[in-house]
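Novice: Pasting a structure here, questions to come.
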Amino acid sequence: MAEDLQKNEFAALFPSVEAAHQFQQRQHDCSGALPTSQLPLKEETSAVPSKNEQLSSYCKETEISCLLEYLLLCTSHDVSINSWHACVKLPDSALSVDSTDTLLFERLMLEQPYSLAGPNSTHPNRTTHWGSVNAEAVVEVQVLFYLFEVYERCSCARKKIKSSKGSLDNYLSCVEELEEHVIVNFHTAIHEPDIYVGQNVHEQLKKLLQEKLTESEVFDELVVRYVTRAEAEGSNLPEVFSQILDEVKTSLKDSELMAVDWLAVRRLAQYCIRPSLATILLTVPAPGALWTGPQVAGAAYEATALGCLLAISALPASPLQPSAFFVDAARLTRQEVNAVNSSISSTQAIVNERTFEIFSALLKNKATRHMVMKWLEGCVASNLGRAGLWHVAGEGSLTATQYASDGFMINLGAVLARLAHKFTEGVVVMGEGGNLASQHAIMKVDPSYCVSGKSQAAGERIPGSYPASLDTLTPLIPPAEGDKAHPPLPQQYTFVTACFFFAHAALNLGMAVTVSRLERVQRDLNRLHQENRALDRSADPTLRTLIRDRVSLLTSSYLTLRAALLPQSCSPHTTHLLAATAHWLVQIAQLPLSPWDSCPRLSVPVQTPIPETADQDPVPHKDSWLQFIPEMLVDNIARLATLYRMLNADDNTPLFDLPVNKHYITFIISFMGSSSRIKNPYLRAQLAQTLEVLLLGEPLSSASDLTRTSRFASQLPAIWQQLVEQHPLAEHLVPSVVRVFVSIEMTGQNVAFEDKFKYRGPMYEILKQLWQVPEQRAVLVGLAVEALENMESTKPPLMLRFINLLINDNIFLLDEGLTYMAQLREMTLAKERGDWTALAPAARQEKEQMLMQTGMMARFHNVLARRTSSTLLMLTEEHELASLLCHRTMVERVAHMLNFFLDHLVGPKQRQLKVRDAEQYEFQPGVMVAIICRMYCNLTQLPLFPAAVIADGRSYSPKLLQQARSVLHRIGEYTVAEHMAAVEERVAAVACTQQEEEDLTAAAPAHFLDPILSVLMRDPVKLPSSEVVVERSTIARHLLSDQSDPFNRQPLTMDQVIPDVVLAKEIHEWIESKTAELRRERKENEALATQTNDGSDNLVKETPDDMFTVTKKQSRCEQSLSGPEISSEPSVSGPETSREAADAPTPPQEER
């Protein structure tokens, strides 16, 4: 019998074979005692089940009862079927599948279930066939705890049933039905707590959430099913869920990057599963809670639980707070700094990964997507003020409570850039196996999005539109005055469009603002280092300590900002977004306004030539999409495309990211030189800075050494071959650089006076590098040829404008550098004489501060002057460019400029520039003398230049070039000195002819002289409005910078001037007759001198003392320029700045 039972599959439902045998025996006894009336009729004998069938049916019913006893811990028998654990007896209810709802409700209504529990209720935990039973669970009083435990046992039984190989569908349906009853009663208990007398249901829920949320998968499942039912029945979730979220928020707010409360992060993630929970998660505090303004402050979004997660960063909550990292930064080694950076980067990546998962889950659910987008819209709109200059420059001291922190915005940008990666990476992998559809997914971004809010009627909104006040941002090309054009709007915006612009907004408000802070900290550090070096040994020790402590604090801040920016600056999500944006901007610049749905999704070839102005653009201004695109997108490319290279100069990986860099190059060439595509010259100048790093691998323009080359010089040729030489727009690269150089100073496009020199520095370096490429040099030469052919055109040629501004910059920078060096000499001499000793401490400190400030200004101007002069020298190496410099409209200014500054560098006035530690101020007079002399050598080959040198009566003298040769010998420039000897000969030969010109000018009638420069006119022209007659070259040079009549300020162009043919003929006839007369007089004087001067040789010999004196003077001059006394920068510029020579000549005037 035992063997038969062992073969029976239902025997497994009993604890042992013996128990199954006892059960079989009882059934047998009972079957023999059945009354006759219960026996089936004879004719129905075939339908009567056999004993085995009866046994099987009974066993199933019993097992289901056993299962229910296990699940509910209740029974309707005196003794539970499963004797392994006790149960609460419910005598009035039958233990069956049909009565589970009643059994469950009755059990819940018991106020003292322990009074009905069996004798095993105090036994320790037992394990049954279905699972383990906690003895305390039998007498559980708290309603929600009991329901959770029932659901937990149901989950255990469900897993066993599903994992069983047999057919147990009846058991599964029983468990699932009971689970549904648990959910119903769980919902009823929470929303109708008065049913259960003496129980605080909400407090039970709070305790359960605190103990079990994310700690128990079963409880998480129960909560989700409860919330789903509450949503279906329209019930509001209890306040307990908000209280739990507040606890999560507090935990996250107190978390640090290296000590994150990951339990709180997991619990936060539970709130994104259902819409009602997401509503609690995305609720923002009302105005007034954090800010007294009428609108919700940006900081309010950081005060939410989701905001607290985003705010976890290496950066402090406020720029005014000290950093928790890089303490005592001055003592840290490079290895220690790199270790901290690595730790910050890895931990931040984990945090951002969890945050991305939360946002991704919220966006995948259609019911919560709108709430997330509204949250992002409000967050961006309320934080737009973070990009304001007063916020960045003020270090947030006045706005710390109004806007979100740097860490919050950086992390938000990282998350949004990753969300956008699905439609941005395709552009980068184009041609490298990328899917064609993904390559052009970026073209789904609708350029009308930012102005959709302005274009919509009040109270109406296009589906998918979340404008976030982006229409208040400055567009790339402002609409024409009085133009209220609106772009064609779609029926609905896609998530791709909204995500694209939100990602850019977050990057601009996060990374770009933080980069500005980093640059400011770096400037402050450099200033402090200079101040520390400037202190002499007698300085107050307290002052040294203060400076040292301040340096340590700023270094810690700098390293922390750098560490926070490093991971995002090299993230493929960020770089691919920027590269895709560059591609997208190039595309939409070529497409006229039309419904975006009808625009091509495939990329179109880049149009050439690149338009310089709106008149040249094939897409008219009024039909351009660019008037609706904020500058923010280009600003992000300019600031962030090369950020990683700036932060980590040792890593050359970005140099070889050619798929990304090609998009940058195409965009920069297409936009940098075109005012019809970017109106703001400051923004285009920033693109030049980006271009410098892309092409050279590092910002060489920031180095004071002109001979310095890129540390990646050996790798650059291969990169340039693909980025420049093989680029389809290569021939437009040089014109683009020249155009943006010119646009910085064009009327109506001026930038800050000092800033323009900073922006032009990278352009000098780019041109210097492009000069080494024959094809690019040929483009520059071509521009010069075009300029020579159109010198008197209505619109001055591009290269002529460039040369004119380059000369202006050179004059200004050299003159300012000389002025500051003279001031430094006076101040240091006064200090050394002890003139400051008698001053009050405050006055003495003010003098020290002024000396320091003057030194910094001298350094700034000296470096830029040297770089500008070097660029001019480079241009003189090609004949066509030198011819442009020596054109009659330019040659006098160039010659006078070189004479003036060479005189100050090698003449007697150079003593005014002698200071100690000239290298500290980047004052390198030897370098400047060599540069200027090389320009003399190159330009003297052209016929007009020697005459212009001699015509300068202010600075030129026959001794000037001799003094220059002497200095060249002393500084070792022997080759240049030999060439200067040839220059002297050439100039001397022209001197005789020039004397005739001077004699003519002196004898000329007044109406033959130019009223502006007082030179003898050769080509007189009459100005139409003022009717004044001037020299053609004079008015042509004036109109380069000011298109107006200099005598009445009326508009004027070169095609409007009227040649005065009659006066020209009269002047030419007079010149011929006067020249013949002067030559006759000269011959007569020479003959008379020959007859009377028979002792001229003795006269020279009679003046040896004079010659000796001159020799000694020259010797002293040469000695003053040798060794440490040699100055390399220009000198003081005349009576306005020189205190030692009241009659000193003024520098050449800038032509603006």
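Novice: Spot the failing condition for residue 719; the list is (1) part of a helix (DSSP H, G or I); (2) touching a His at 6+ places or on another chain (Cβ under 9 Å), and only one is missed.
Specialist: Unmet for residue 719, out of (1) part of a helix (DSSP H, G or I); (2) touching a His at 6+ places or on another chain (Cβ under 9 Å): (2).
Novice: Residues of region 342-362 being within 19 Å of residue 644 (Cα to Cα) and either outside the structural domain of residue 560 (by TED's automatic domain parsing) or of a type in the set (Gly, Ala, Ser) (or both), which ones?
Specialist: Of everything in region 342-362, those that are within 19 Å of residue 644 (Cα to Cα) and either outside the structural domain of residue 560 (by TED's automatic domain parsing) or of a type in the set (Gly, Ala, Ser) (or both) turn out to be 342, 343, 345, 346, 349.
Residues are listed down the side, and each one gets a yes or a no for (1) surrounded by fewer than 18 Cβ atoms within 10 Å (Cβ to Cβ); (2) among the small types (Gly, Ala, Ser); (3) not in a loop (DSSP other than H, G, I, E, B):
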{"position": "638", "(1), (2), (3)": "no, yes, yes"}
{"position": "660", "(1), (2), (3)": "no, no, yes"}
{"position": "676", "(1), (2), (3)": "no, yes, no"}
{"position": "682", "(1), (2), (3)": "no, no, yes"}
{"position": "686", "(1), (2), (3)": "no, no, yes"}
{"position": "698", "(1), (2), (3)": "no, no, no"}
{"position": "701", "(1), (2), (3)": "no, yes, yes"}
{"position": "709", "(1), (2), (3)": "yes, no, no"}
{"position": "714", "(1), (2), (3)": "yes, yes, no"}
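Novice: How about region 394-433: which of its residues are in a helix (DSSP H, G or I) and either of a type in the set (Ser, Thr, Tyr) or at pLDDT below 70 (or both)?
Specialist: Of region 394-433, the ones in a helix (DSSP H, G or I) are 406-419, 421-428.
424, the sole residue that qualifies.
Matching residues to (1) hydroxyl-bearing (Ser, Thr, Tyr); (2) over 20 Å from residue 910 (Cβ atoms); (3) in contact with a strand residue (DSSP E or B) (Cβ under 6 Å, 6 or more places away or on another chain):
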| position | (1), (2), (3) |
| --- | --- |
| 821 | no, no, no |
| 836 | no, yes, no |
| 856 | no, yes, no |
| 869 | yes, no, no |
| 882 | no, yes, no |
| 890 | no, yes, no |
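Novice: On to the next question. Among the polar types (S, T, N, Q) and over 24 Å from the mean Cα position of the chain (by Cα) - does that describe any residue in region 659-678?
Specialist: no
Novice: Condition first: closer than 23 Å to residue 375 by Cβ, small (Gly, Ala, Ser) and modelled with pLDDT under 85. Now tell me which residues in region 456-493 satisfy that.
Specialist: Within region 456-493, 458, 459 qualify.
Novice: To continue, here is another question. Residues 670, 704, 714, 710: which one is polar (S, T, N, Q) and within 21 Å of residue 742 (Cα to Cα)?
Specialist: On inspection, the qualifying residue turns out to be 670.
Novice: I've got another one for you. In region 1010-1069, how many are assigned to a helix (DSSP H, G or I), touching a residue at least 12 places away in the same chain (Cβ under 8 Å) and hydrophobic (A, V, I, L, M, F, W, C)?
Specialist: Number of matching residues: 7.
Novice: Scanning region 655-709 for residues that are free of Cβ contacts under 8 Å to residues at least 24 places away in the same chain and among the β-branched types (Val, Ile, Thr), which turns out nearest to residue 632 (Cα to Cα)?
Specialist: 709
Novice: Does residue 221 satisfy the condition of being assigned to a helix (DSSP H, G or I), acidic (Asp, Glu) and more than 14 Å from residue 148 (Cα to Cα)?
Specialist: No, not satisfied.
Novice: Would you say residue 257 is in contact with an Asp or Glu (Cβ under 8 Å, 6 or more places away or on another chain) and either in contact (Cβ under 8 Å) with a residue 24 or more places away in the chain or of a type in the set (Asp, Glu) (or both)?
Specialist: Judged against the criteria, residue 257 is not a match.
Novice: Cβ contacts < 6 Å: first residue more than 30 Å from residue 901 (Cα to Cα), restricted to region 816-842; second residue of a type outside the set (A, V, I, L, M) and assigned to a helix (DSSP H, G or I), any location; separation 6+ or different chain. Result?
Specialist: Close Cβ pairs (under 6 Å, with a partner that is of a type outside the set (A, V, I, L, M) and assigned to a helix (DSSP H, G or I)) amount to 836/844; 836/847.
Novice: A further question on this structure: Only one of 103, 144, 67 is part of a helix (DSSP H, G or I), crowded, with 21+ Cβ neighbours inside 10 Å and at pLDDT 85 or above. Can you tell me which?
Specialist: Working: 103 fails: at pLDDT 85 or above; 67 fails: at pLDDT 85 or above.
Of 103, 144, 67, the one residue that is part of a helix (DSSP H, G or I), crowded, with 21+ Cβ neighbours inside 10 Å and at pLDDT 85 or above is 144.
The rows are residues; the columns are (1) out of contact with any Pro (no Cβ under 7 Å at 6 or more places or on another chain); (2) in the same structural domain as residue 611 (by TED's automatic domain parsing); (3) more than 14 Å from residue 766 (Cα to Cα).
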| residue | (1), (2), (3) |
| --- | --- |
| 708 | yes, yes, no |
| 716 | yes, yes, no |
| 722 | yes, yes, yes |
| 725 | yes, yes, yes |
| 734 | yes, yes, no |
| 739 | yes, yes, no |
| 744 | no, yes, yes |
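Novice: Moving to a separate point now. Got at least one residue in region 527-546 being assigned to a helix (DSSP H, G or I), under 29 Å from residue 408 (Cα atoms) and either at pLDDT below 90 or under 21 Å from the mean Cα position of the chain (by Cα) (or both)?
Specialist: No, region 527-546 contains no residue that is assigned to a helix (DSSP H, G or I), under 29 Å from residue 408 (Cα atoms) and either at pLDDT below 90 or under 21 Å from the mean Cα position of the chain (by Cα) (or both).
Novice: Okay, next question. Test each condition in (1) surrounded by 15 or more Cβ atoms within 10 Å (Cβ to Cβ); (2) among the acidic types (Asp, Glu); (3) modelled with pLDDT of 90 or more for residue 999 and report the one that comes out false.
Specialist: (3)
Novice: Now a separate question. Given the condition assigned to a loop (DSSP other than H, G, I, E, B) and over 30 Å from residue 739 (Cβ atoms), answer yes or no: does some residue in region 812-834 qualify?
Specialist: Scanning region 812-834 turns up at least one residue that is assigned to a loop (DSSP other than H, G, I, E, B) and over 30 Å from residue 739 (Cβ atoms).
Novice: Would you mind stating whether residue 915 is assigned by TED's automatic domain parsing to the domain that holds residue 831, crowded, with 21+ Cβ neighbours inside 10 Å, of a type in the set (A, V, I, L, M) and not in a helix (DSSP H, G or I)?
Specialist: yes
Novice: Moving on to the next point. Can you tell me which residues in region 953-966 are more than 12 Å from residue 903 (Cα to Cα) and either not small (Gly, Ala, Ser) or not assigned by TED's automatic domain parsing to the domain that holds residue 906 (or both)?
Specialist: 965
The values are calculated or read from the model by the stated rules, or taken from the named source; none is laboratory data. These numbers come from a predicted model, not from an experiment. When we count neighbours, we look across all protein chains shown, and the Cβ atoms used for this are built from the backbone with ideal geometry, even at glycine.
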